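The values are calculated or read from the model by the stated rules, or taken from the named source; none is laboratory data. In this text, all values refer to a predicted model and were calculated from it rather than measured experimentally. We place every Cβ from the backbone using ideal geometry, glycine too, and count neighbours over all the protein chains shown.
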Amino acid sequence: MVDTTKSLGREEDVLPDLKEVLAHLVQKFDISRDKTHVSLETFYKPAKVHNSFNDSNFWSVNAVTDFINNTITDLKSGTHLDNALEKANNKMFTEGNGDRSGEVSALVLFSDGKNSPRHDEIKLKRALEGLKVTIIQFAWFLNQYKMI
């Protein structure tokens, strides 16, 4: 789940580093038909799940890296982590999106942690309480340090 908001910084400064960090992370996984599957969600005010875990077009490191590079192209306004976590619960980590029962599911979250003042605190708390997976990494973003 990737924060794609302007609070991260200027596009020309942030996007190349963001894509580099995500590519480095993806290379750490054994992505294949029988191993790790990846689904990408980006968020600003709305959140969007871009692909399903069971889509064979994304069962290789190169395919996922190319997809990230082609999907994350600009930054928008309004960080709504509440919407992003709700979308992860209700869309991304579901059987219909290819989440495999009996397999470990993990959410890697990249964000600067700055939520919009207009976010819904109650929805955020409900989403966190209902989260079906464990957030394994939360990045206080690139201005402070480069991860991995």
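Every residue, every condition in (1) touching a helix residue (DSSP H, G or I) at 6+ places or on another chain (Cβ under 8 Å); (2) aliphatic (A, V, I, L, M), yes or no:
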residue	(1), (2)
Met1	yes, yes
Thr5	no, no
Gly9	no, no
Leu25	no, yes
Phe29	yes, no
Glu41	yes, no
Pro46	yes, no
Ser52	yes, no
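Kindly provide the set of residues from the range 65-79 that are touching a helix residue (DSSP H, G or I) at 6+ places or on another chain (Cβ under 9 Å) and free of Cβ contacts under 8 Å to residues at least 40 places away in the same chain, ordered by number. The one that is touching a helix residue (DSSP H, G or I) at 6+ places or on another chain (Cβ under 9 Å) and free of Cβ contacts under 8 Å to residues at least 40 places away in the same chain: Phe67.
Restricting attention to the range 68-106, the residues that are surrounded by 14 or more Cβ atoms within 10 Å (Cβ to Cβ), assigned to a loop (DSSP other than H, G, I, E, B) and among the small types (Gly, Ala, Ser) add up to 3.
Phe67 passes every criterion in (1) among the aromatic types (Phe, Trp, Tyr); (2) at pLDDT 95 or above; (3) touching a strand residue (DSSP E or B) at 6+ places or on another chain (Cβ under 9 Å) apart from (3).
All of (1) part of a helix (DSSP H, G or I); (2) surrounded by 14 or more Cβ atoms within 10 Å (Cβ to Cβ) hold for Glu12 with one exception: (2).
Per the conditions (1) hydroxyl-bearing (Ser, Thr, Tyr); (2) surrounded by 15 or more Cβ atoms within 10 Å (Cβ to Cβ); (3) under 21 Å from Gly96 (Cβ atoms), the sole criterion not satisfied by Tyr44 is (3).
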